[in-house]
Amino acid sequence: MNLGARRMTAASSEEAAFEALFTSEYARVVCIANRVLADTHEAEDVAQEVFIDFHRLHSARADYAPAWLRRAAAHTALNRLRGSRRRQKREVAHVLREGDRTLDPQQQAEVEEDRRLVRAALARLAPKPAAVLVLRASGLSYAEVAQALGVGIGQVGTLLRRAEAALRKEVTRGTSN
Amino acid sequence: MAHLTDGTLRRMVDDPDVARGDRAHLEECADCKARFQSIDGDARSIATLLAVPEAQVDVPSAFRRVSSAPAAQPRFGFRWPVAAPRSRPFVLAFAAVIAAVGLLATGVAVNFRGNWTPTTVTPVPVTVADVQALSQLADYGSVTWTKQPTLQIVTNPADASAAAGGLQPPTVSKLPSGVSTTVTYGAMTQAQAVFTFSSDKASAAAAAHGKTLPALPKGIDGAQLTVTVGPAVAEIFGNLKQASGSDVSEASLPQLVVAESSAPTATSTQVTVKQIEDYLLSVPGISKELKAAIQAIGDPSTTLLIPIPVQYATSTTITVQGVKGVALGDNTGVGSAVIWEKNHVVYVVAGSIKQSDAINIANNLK
């Protein structure tokens, strides 16, 4: 095989590996971003941005690919949450989804208000505790959370506990204001 | 038995089957039981608070969107040099930026009585505006190559060394896990360029841009700055995705690049350090950060400035192989680099690896 042909084969197998990675991780990455943003459309935006960033700089065959994508999803979504680009109006407009439609208007209003408060509180947390909460709430195991954040598995319980205490404090502060 | 830690108790909320000893302690210890209940309560209420309706995704159509996205625009208008596609306009633009930053570095550092031979490195923050402002300096005179650089990509260290005038590629003692062992070598011959300042060109350039640029200092017209760089060799680990045609998005950063180059040197005529420094820093668009960083440099005649895009990376000064070096950690965690100079050789270790790995490679380079 000449050099050109070999390069083409390498490029197409890299593309195939990226597609396989995308197929296996996309839903999880959206789920993490959605947990932060409570907005499926914006979560998909974040997920696509994360995959494009990854593809630009890394090989889809890298061992660290899933962990990288999950961490990037949490941090990118949290950055958006903190950013001023995100308008309250959109936030409220998009939280209504299938699952909420069984609620009466009063309950719906309460659910929306809770989500707004908890997201505002999440935005005020430091990046690491916020990421721990979001990753665990998205169904990652302790081992997966540890990998995504580059910490020892033994630390996850402690980080999670501190993050939960911090979030509860922030939510209370938000409510009392 | 000592009381259980908060972390252990939190883990027990999710996984009641943890170590039997801990479970037994919890059963008997009123203090731990009370803490467990409070931790359990918090965990449940946070889970409720963070609950969101499940996102329904259409993976194939999302993949099509990502595949067709006009991807890979450099996030801050910067792209790593190794990721530069081979397209001519891009290379020219990139060369202009390098030349401008090089001009700034040498301009600030050159002592007109002697030569500039840096012996240490110092990071300076550069904004996109700085680069744009400095690019205009390329219009202030003319560049002629007295030695054109040639670039070669080869597959073995002996060829690289031969192409780079005998400079031996460095040896990495241990690769971090996840980095490909596929290695290619790059070699660049020594290059020398002469920049001649021209007042006429400068005013013409200013007029063409519709901007008022500060007039060149008296006596600088016709001054010459001779800069010598290289030779250089680099080891490139990982598969370099080849750009297919002119598709910019295909270019990618290799996992790891280890490079060494003879330190750049410069000589100048007619010009004093103070004149050039004052002049460069008066160009509109130069940021306060860059001005402050340059003015803070003690002895510019022995310092090689490493321009760091401010929004792109954070830099710290570290000790590498017993000398002062610069470590760059990218804020997003996607890449890092270490740069240092020892015995008139500049070394760079860079790639999509953790900063701690980059420092480790740097310290163990042979």
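The values are calculated or read from the model by the stated rules, or taken from the named source; none is laboratory data. Only a predicted model underlies this, so the values are computations on that prediction, with no experimental measurement involved. Every residue, glycine among them, receives a Cβ derived from its backbone with ideal geometry; neighbour counts consider all protein chains shown.
Brief remarks on what is shown
- Test for B:Thr196: is it modelled with pLDDT of 75 or more and surrounded by fewer than 17 Cβ atoms within 10 Å (Cβ to Cβ): no
- When segment B:154-168 is limited to residues that are of a type outside the set (Gly, Ala, Ser) and farther than 25 Å from A:Ser59 by Cα, the one that is surrounded by the most Cβ atoms within 10 Å (Cβ to Cβ) turns out to be B:Leu167.
- Residues of segment A:125-157 that are part of a helix (DSSP H, G or I), crowded, with 19+ Cβ neighbours inside 10 Å and among the polar types (S, T, N, Q): A:Gln147 alone.
- For segment A:10-34, filtered to residues that are within 7 Å of chain B (Cβ to nearest Cβ) and of a type in the set (Val, Ile, Thr), the residue that is surrounded by the most Cβ atoms within 10 Å (Cβ to Cβ) is A:Val30.
- Residues located in segment A:35-46, provided they are without any contact (Cβ under 8 Å) to a residue 24 or more places away in the chain and facing chain B (nearest Cβ under 7 Å): A:Glu44
- Residue check for A:Arg124: within 11 Å of chain B (Cβ to nearest Cβ), among the basic types (Lys, Arg) and free of Cβ contacts under 8 Å to residues at least 60 places away in the same chain: no
- Of residues in segment B:32-66 being at the interface with another protein chain (Cβ under 9 Å from one of its Cβ atoms) and over 19 Å from A:Arg28 (Cα atoms), the one surrounded by the fewest Cβ atoms within 10 Å (Cβ to Cβ): B:Thr48
- Qualifying residue in segment A:81-89 (condition: modelled with pLDDT of 60 or more and surrounded by 18 or more Cβ atoms within 10 Å (Cβ to Cβ)): yes
- All of A:Arg161, A:Arg119 fail the test of being at the interface with chain B (Cβ under 8 Å from one of its Cβ atoms), among the basic types (Lys, Arg) and part of a helix (DSSP H, G or I), apart from A:Arg161.
- Selection within segment A:47-72: residues that are more than 8 Å from chain B (Cβ to nearest Cβ) and assigned to a loop (DSSP other than H, G, I, E, B). The member of this set that is surrounded by the fewest Cβ atoms within 10 Å (Cβ to Cβ) is A:Arg61.
- Residue match in segment B:252-259 (condition: away from chain A (no Cβ under 14 Å) and at pLDDT 70 or above): yes
- Looking at A:Ala165, A:Ala143, just one residue is at pLDDT 90 or above, over 16 Å from the mean Cα position of the chain (by Cα) and within 21 Å of A:Asp114 (Cβ to Cβ), and that residue is A:Ala165.
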